[in-house]
Amino acid sequence: MASAAENRRGILSMLLAMSLFTGNDLLMKLAREVYPAGQAIALRTIFAILAGLALVFAFRESDKLLLALRPVVLLRGLIEATVALSFVWALGMLPLANATAIGMASPLLIVALAVALRIERIGWRRTLAVLVGFCGVLIVLRPSADGFNAAALIALASAVLVAFRDLLTRSIGNDVPSTVISLTTTVLVGIVAVSYGSLEDWQPIWRRETAFVAAAAVLVSSGSFFIIGAFRNTDVGIVSGYRYSVIIFAVIAGYLIWGDIPEPLAFVGIGLIVASGLYTMHRQRVRPDSNLKLTADPTP
């Protein structure tokens, strides 16, 4: 059981990590005003690989780089590459707060997938919470007479893939360091982005948007560092709930930069997603037979 001081440190680290991730999304959205999705991600990957290599050597884990060739690690990286590409594409079309809120439905999707794959059995409480959360997603998606917003559906598909990614991460052996998993993922994201980018009309890189992308790479790497710190020697069940602060940061950032204010109904949907996600995490923590116990997974 962590002390109150340790949990306060963990909460502060989580809040800082979420603010940094919001900054990354903000800068990538700004870059998307000029760059197509593939080019934006490819450019960010260049800087992120440098940061990933620095972490591998800083933690003296370069001798374990060959573990990156394990099929499960490579599969996770390919899923993450699809997540990055789909989310950044949707980010260019949606308000920042809406895209973030849809992405934060992934904890609910993890539960749904775990039930479908017979990894987890849930009672009526979590079933109701998941259904309420999905109602919130539908509200944020705002279907019209013409159907769903395509960008919102892509953002939702990205959240589904995040759930697959996180379930798959559980099957990676503890002998594979997080730094190696992260670097492998970053490289594969870059390869997929360049491949997809071959279908795009790339823009000249000597412009300020490249600086945005470079700064985004620094922010996302720094956020990963602080989220690891948030889970060290703390009560994970307490600290994890503060992950949803990213939605508040996204609403503020979207308003300050683009003047975006979610509609009242969208706020209702966001509230349902957050409330159901928090309750679902709480039930997983208190249920002794849950196979989805919260763990100190540093992956954002």
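The values are calculated or read from the model by the stated rules, or taken from the named source; none is laboratory data. The shown structure was predicted, so the numbers you read here are calculated from the model rather than taken from an experiment. Neighbour counts are summed over all protein chains in view; Cβ atoms, including those assigned to glycine, are modelled from backbone coordinates with ideal geometry.
List of remarks:
- Flag if Asn233 is touching an Asp or Glu at 6+ places or on another chain (Cβ under 8 Å) and modelled with pLDDT under 80: yes
- Any hit, segment 101-112, residues being within 27 Å of Thr127 (Cα to Cα) and touching a Lys or Arg at 6+ places or on another chain (Cβ under 6 Å): no
- Check on Ile270, modelled with pLDDT of 90 or more, farther than 17 Å from Leu109 by Cα and in a helix (DSSP H, G or I): no
- All positions within segment 74-85 that are in contact with a Leu (Cβ under 8 Å, 6 or more places away or on another chain) and surrounded by 22 or more Cβ atoms within 10 Å (Cβ to Cβ): Arg76, Gly77, Glu80, Ala81, Val83
- Count - residues of segment 26-42 that are over 19 Å from the mean Cα position of the chain (by Cα) and part of a helix (DSSP H, G or I): 1
- Residue count for segment 154-181 under the criterion of being of a type in the set (Ser, Thr, Tyr), closer than 14 Å to Glu80 by Cα and surrounded by 21 or more Cβ atoms within 10 Å (Cβ to Cβ): the result is 1.
- Residue among Leu78, Leu131 that is farther than 27 Å from Asn24 by Cα, out of contact with any Asp or Glu (no Cβ under 8 Å at 6 or more places or on another chain) and at pLDDT 90 or above: Leu131
- Total residues in segment 158-182 satisfying the condition of being over 18 Å from Pro107 (Cβ atoms) and among the aliphatic types (A, V, I, L, M): the figure is 4.
- Within the set Leu67, Leu94, the sole residue that is out of contact with any His (no Cβ under 9 Å at 6 or more places or on another chain), farther than 24 Å from Arg243 by Cα and surrounded by 17 or more Cβ atoms within 10 Å (Cβ to Cβ) turns out to be Leu67.
- Of the residues making up segment 2-20, those that are in a helix (DSSP H, G or I) and among the small types (Gly, Ala, Ser) are Ala4, Ala5, Gly10, Ser13, Ala17, Ser19.
Residues checked against (1) free of Cβ contacts under 8 Å to residues at least 60 places away in the same chain; (2) β-branched (Val, Ile, Thr):
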{"position": "Val111", "(1), (2)": "no, yes"}
{"position": "Ala163", "(1), (2)": "yes, no"}
{"position": "Val180", "(1), (2)": "no, yes"}
{"position": "Glu200", "(1), (2)": "no, no"}
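- Pairing each residue of segment 216-238 that is under 16 Å from Met28 (Cα atoms) with any residue that is modelled with pLDDT under 75 and not β-branched (Val, Ile, Thr), provided the two are 6+ apart or on different chains, yields C-beta distances under 7 Å for Gly223/Pro300.
- Selection status of Gly23, in a helix (DSSP H, G or I) and at pLDDT below 90: no
- Answer residue from segment 237-258, given it is of a type in the set (Gly, Ala, Ser) and closer than 11 Å to Thr100 by Cα and is surrounded by the fewest Cβ atoms within 10 Å (Cβ to Cβ) among those: Ser245
- Annotation for segment 49-65: no member residue is farther than 25 Å from Gly173 by Cα, outside any helix (DSSP H, G or I) and at pLDDT below 95.
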